[in-house]
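First comes the structure, then the notes that go with it.
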Amino acid sequence: MSETGEYRAHAAECVRLAQQTADPQSKGSLLDMARAWLALVAQGEKNNDAPTLVYQTPEPRQQVAQQPQLRSKKGAGRLN
C-alpha cells in the first residue's frame, strides 16, 4: 500500500470511530485527526506530482484554553 493509501485508511478509521462514539469531544478529536490524515494525503499527492519536494506550512491550530493551575500550599514540595 502506498503512503497516501495508508493515510486514507487512517482517515477512514478515524471517521468510523467518530461515528461509533457518543462523546462529542472524542467525536470532534477523531474528525480532526481524519482531516489531518487527509491533509497528508493531499500533501503527498502534491509531492508525487512535483519535480521537487513541496512543503506547505499548515494553518495555525486553535489555542486550547488552559485550565488554571492548582497552587500548592506554601512550602509544599520544598526539600529541607
I'd like to check something: does the stretch 28-47 contain any residue that is out of contact with any Gly (no Cβ under 9 Å at 6 or more places or on another chain), modelled with pLDDT of 95 or more and among the charged types (D, E, K, R)? yes
task: Determine if the stretch 28-36 includes at least one residue that is in contact with a helix residue (DSSP H, G or I) (Cβ under 6 Å, 6 or more places away or on another chain) and touching a residue at least 40 places away in the same chain (Cβ under 8 Å).
output: no
Scanning the stretch 37-63 for residues that are loosely packed, with under 10 Cβ neighbours inside 10 Å and either of a type in the set (D, E, K, R) or touching a residue at least 60 places away in the same chain (Cβ under 8 Å) (or both) gives Asp49, Glu59, Arg61
The one condition Thr21 fails out of (1) in contact with a helix residue (DSSP H, G or I) (Cβ under 7 Å, 6 or more places away or on another chain); (2) of a type outside the set (Gly, Ala, Ser); (3) surrounded by 15 or more Cβ atoms within 10 Å (Cβ to Cβ) is (3)
Within the stretch 1-27, residues among the aliphatic types (A, V, I, L, M), modelled with pLDDT under 95 and part of a helix (DSSP H, G or I) come out as none
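So that you can scan it fast, the table gives a plain yes or no per residue for (1) within 13 Å of the chain's Cα centre (by Cα); (2) farther than 19 Å from Tyr55 by Cβ; (3) charged (D, E, K, R):
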{"site": "Glu3", "(1), (2), (3)": "no, no, yes"}
{"site": "Glu6", "(1), (2), (3)": "no, yes, yes"}
{"site": "Arg16", "(1), (2), (3)": "no, yes, yes"}
{"site": "Thr21", "(1), (2), (3)": "no, yes, no"}
{"site": "Lys27", "(1), (2), (3)": "yes, yes, yes"}
{"site": "Leu30", "(1), (2), (3)": "yes, yes, no"}
{"site": "Arg35", "(1), (2), (3)": "yes, no, yes"}
{"site": "Leu38", "(1), (2), (3)": "yes, no, no"}
Within the stretch 31-64, the residues that are aliphatic (A, V, I, L, M) and under 21 Å from Glu3 (Cβ atoms) are Met33, Ala34, Ala36, Leu38, Ala39, Leu40, Val41, Ala42, Ala50, Leu53, Val54
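The values are calculated or read from the model by the stated rules, or taken from the named source; none is laboratory data. Bear in mind the structure is a predicted one, so any value in this text is a computation, not a measurement. Note: ideal-geometry Cβ built from the backbone for every residue, glycine included; neighbour counts use all protein chains shown.
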